[in-house]
1. Could you tell me the calculated FRET efficiency between Arg210 and Asn109, based on Cβ-Cβ distance and R0 = 51 angstrom, to the nearest 0.05?
2. In Å and whole numbers, how far do the C-alpha atoms of segment 109-240 stretch along each principal axis, longest first?
3. Project the alpha carbons of segment 123-167 onto their principal axes and report the range along each, largest first, in whole Å.
4. Using unit Cβ charges (K, R positive; D, E negative) and no other charged atoms, how large, in debye to the nearest 20, is the dipole of segment 109-240 about its Cα centre?
5. Between segment 54-72 and segment 112-149, what is the separation of their alpha carbon centroids in Å?
6. Using 27 Å as the Cα-Cα cut-off, could you pick out the over-long pairs in Lys146/Lys198; Lys190/Lys213; Lys129/Lys198; Lys162/Lys183; Lys170/Lys190?
7. For segment 108-174, which chymotrypsin sites (Phe, Trp or Tyr not before Pro) pass both filters: DSSP loop (anything but H, G, I, E, B) and at most 14 other C-beta atoms within 10 Å?
8. Ranking Ser70, Ser117 by Cβ neighbours within 10 Å, fewest first, what do you get?
Amino acid sequence: MKRFLLPVLVLGAMALTVGCTTKKEVTRQTTPVMNKIDELDEQTARTTHGIRDLDERAQKGIAGVEAKASAADEKAMAAGQQADQAQQLATTVNTGVQNLTERVVNFDNYHPVSETSVLFGFDKATLTKKDKAELDQLGTQIPNVKGYIVQIEGRTDSVGGKDYNYGLSKRRADAVTQYLASKYGVPAHKIYIIGLGKDAPVGENHSTSRGRKENRRVDVRLMTNNAGEANAGMQQPGAAASPQN
């Protein structure tokens, strides 16, 4: 019996030893593979994260480009609108210049319908109630006159420099222009303004104060190229002196 058990025990020990050796060998051989797999998993995770990050940045970049493109389109549209407005303004200005040129060229074809004058105080360019009343007599006739223009001539006395008096005569003419335009709707292209300064005196500048007073004035003429209206409506100019300041 003892002889029989001894070989069995030896064979069992040998089998156990071979099994342990095989497991260790398998573990030894598979460990690098598992490590490599883990490394690949980490690389895959990093790559996936990098792709997501790159995609987010790309989406942000695309959104930024689209926003800039939209802003550029809006600016281009606004610029186009401004260009259209500028073209319209240029056309309007050119039309006004052409109309003014035609009026100047054909000025001899216009004849006075009504005239009036307003006088100003020394170094003044503001209208008094009396001045406005004088202008109202002319202004009320404007709606009834066809093919009209309004000629406005500003003057000064001889006191002061030439350049200053040119500016003063222009300011006086502008005051009359603004009053007629605001109250009677006279458009700018219907008004012909001249600032004469002290170059075309109506009265004597140097000898009398009365003459200088008469030169501080604006003469207004309502004119038309319709001869029939000119003959029917012509009035003598009126001159009402503003209070001397």
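1. Using R0 = 51 Å, I get an efficiency of 0.90.
2. 42, 26, 26
3. Taking max minus min along each principal axis of the Cα atoms, segment 123-167 gives 41, 25, 12 Å.
4. Working: 19 positive and 14 negative charges, 62 e Å.
That gives segment 109-240 a dipole magnitude of about 300 debye.
5. Here the two parts' Cα centres lie 65 Å apart.
6. Table pairs above 27 Å Cα-Cα are Lys146/Lys198; Lys190/Lys213; Lys162/Lys183.
7. Phe122
8. Numbers: Ser70 10, Ser117 21.
Listing Ser70, Ser117 from fewest to most nearby Cβ atoms yields Ser70, Ser117.
We did not get these values from a lab; they are worked out from the coordinates using the rules stated. Because the structure is predicted, anything quoted here is derived from the model rather than measured. Positions of Cβ are backbone-derived with ideal geometry, glycine not excepted, and every protein chain shown enters the neighbour counts.
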